[in-house]
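Visitor: Take a look at this one; I'll ask things after.
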Amino acid sequence: MNAAPVPAAHGSFVRWGPFYALQLRLGLLSASDLAVGRRSVLFVAFAWVPAVALALLQGMAWNARPDQSLLLDFSAYAIAVAMVSFVLMERSSERQMAGLIGQFAARGIVLPASLPAMQRIRERMERRTGSWRVEAALLLCAYVLSYLWIRHGAGGVEGGTWFGRIDDGALRPTLAGWWTLLVALPLYLFLLARWLWRFVTWGLMLREIAGCELRLVATHPDRCGGLAFVGHYPKTFVLFAFAISTVVSATALKLIVHGNAELSSFKFAMAGMVLLFAVAFALPLLVFSPRLVLLKRQGLNHYGALVSQHNLAFEAKWVGGMPQAAIVVEPPGDLLGSPDASSLADLSAGYDLIKRMLPIPLTGQSAIPVLLAALAPVLCAAATQIPIGEILARFKDLAL
């Protein structure tokens with residue numbers, strides 16, 4: 001069942017699907033207010049307060065063994081932070097994503113004849129996002145992954161952990177482990193999976209938009225034919241990158257602090273995670289690359305011919321070294337204006353803009369916030385072994 005959004009939520013990624021409808025019925029949110037602050041607190045409390053209480057009953061909340069102490073498990077705190085991040089980003093993503101979609105029409109990039117097609121594309125995105133089949137599959141995957149997570153963690157420590165142990169090949173969860181297995185981890189993984197699916201639906205929508213008739217300008221100063229605004233979408237996922245990096249970094253931090261692991265043993269994993277973010281956020285934008293590459297090639301051809309004609313006229317008038325007969329086509333006056341120095345500079349600037357066109361509408365201005373959000377938890381983990389000043393100095397050297 002798909003919950004109907006408020007009218008202002010056209011293009012929304014968050015007001016669809018059974019989970020949204022359930023929260024609406026329970027009064028956790030309303031059609032006019034996503035109540036992200038209240039819901040983030042409730043989700044974390046629902047996931048972890050009972051787990052801590054059950055751990056206290058069995059002496060697994062705080063004791064001499066870090067592996068058997070829930071309150072000394074950095075991963076539990078990281079998962080709580082991630083859950084808060086996943087909920088908080090709903091409000092900002094709804095506003096920003098709807099704004100990005102509207103820019104295609106507002107900037108005249110989508111021709112009026114293609115507006116009905118844009119409406120259908122948006123409706124398909126909403127149906128995909130709110131599919132009950134998808135959410136059911138995501139919930140099932142969340143439970144399977146939760147079991148594998150708990151089993152792997154319990155089997156990796158001699159004597160077991162605060163959430164369980166392995167006896168004769170079978171998982172024996174503690175009381176807190178049962179709650180974590182049935183509630184806390186599935187809720188976290190389900191929230192994570194929903195955002196991953198929204199990311200997929202965004203990519204599918206961009207692919208369909210790229211197939212529409214678009215009016216791009218080769219000389220647009222954004223060097224992307226007028227599409228640079230689409231490349232700002234990664235900013236919507238800043239909290240997502242921060243959440244994932246926090247969980248990964250907390251796992252590394254636990255091994256460093258409690259397992260005497262070396263920070264250097266995680267450097268490739270951390271670098272790979274940051275690189276994965278960069279590649280993943282660039283992938284959906286590749287659907288515009290064929291259009292931009294073709295636009296650049298055609299622009300260079302057209303402007304190259306135009307500049308040649310104009311410069312021949314310029315030299316014939318001002319230099320005198322070029323006979324008028326050498327001009328193959330007389331440049332139209334209403335297009336070029338007078339063949340003087342100012343028009344020469346204008347045409348040269350336009351040609352230079354086309355030469356510097358990007359093959360993908362993604363710039364450092366839009367990618368850097370996401371990468372910084374992913375790096376922040378990594379730096380915190382690294383600071384346990386390396387002074388933060390030295391870490392920042394190293395990054396400064398790399399940047400220079």
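Every number here is computed from the coordinates shown, using simple stated rules; none is lab data. Just so we're clear, the structure is a prediction, and the values are computed from it rather than from any experiment. Backbone-built Cβ (ideal geometry, glycine too); neighbour counts: all protein chains shown.
Visitor: For segment 7-215, what is the per residue volume of the convex hull drawn over the alpha-carbon atoms, in cubic angstrom?
Guide: In segment 7-215, the Cα hull volume divided by residue count equals 131 Å³.
Visitor: For a quick check: sort LYS355, LYS254 by the number of other beta carbons within 10 angstrom, fewest at the front.
Guide: The order, fewest Cβ neighbours first, is LYS355, LYS254.
Visitor: If I model a spin label at VAL41 and LEU56 as a point 7 Å from the Cα along the Cα→Cβ vector, what separation in nanometres do I get?
Guide: My value for the distance between the label points is 1.9 nm.
Visitor: Ok, one more. Find the relative contact order for segment 7-215 and round it to a whole percent, using C-alpha pairs within less than 8 Å whose residues are 6+ positions apart.
Guide: Normalised by residue count, the contact order of segment 7-215 is 30 percent.
Visitor: Full-extension gain between ASP168 and GLN298, please, as 0.36 nm times their residue separation minus the C-alpha to C-alpha distance.
Guide: 39.9 nm
Visitor: Give me ARG95, ARG39 sorted ascending by neighbouring Cβ count inside 10 Å, so fewest comes first.
Guide: ARG95, ARG39
Visitor: For segment 246-298 and segment 175-197, what is the separation of their Cα centres, given in Å?
Guide: So the two Cα centres are separated by 23 Å.
Visitor: Cut-off 15 Å, label point 7 angstrom out along Cα-to-Cβ of LEU140: give me the residues of segment 166-203 whose amide nitrogen falls inside.
Guide: It comes to no residues whatsoever.
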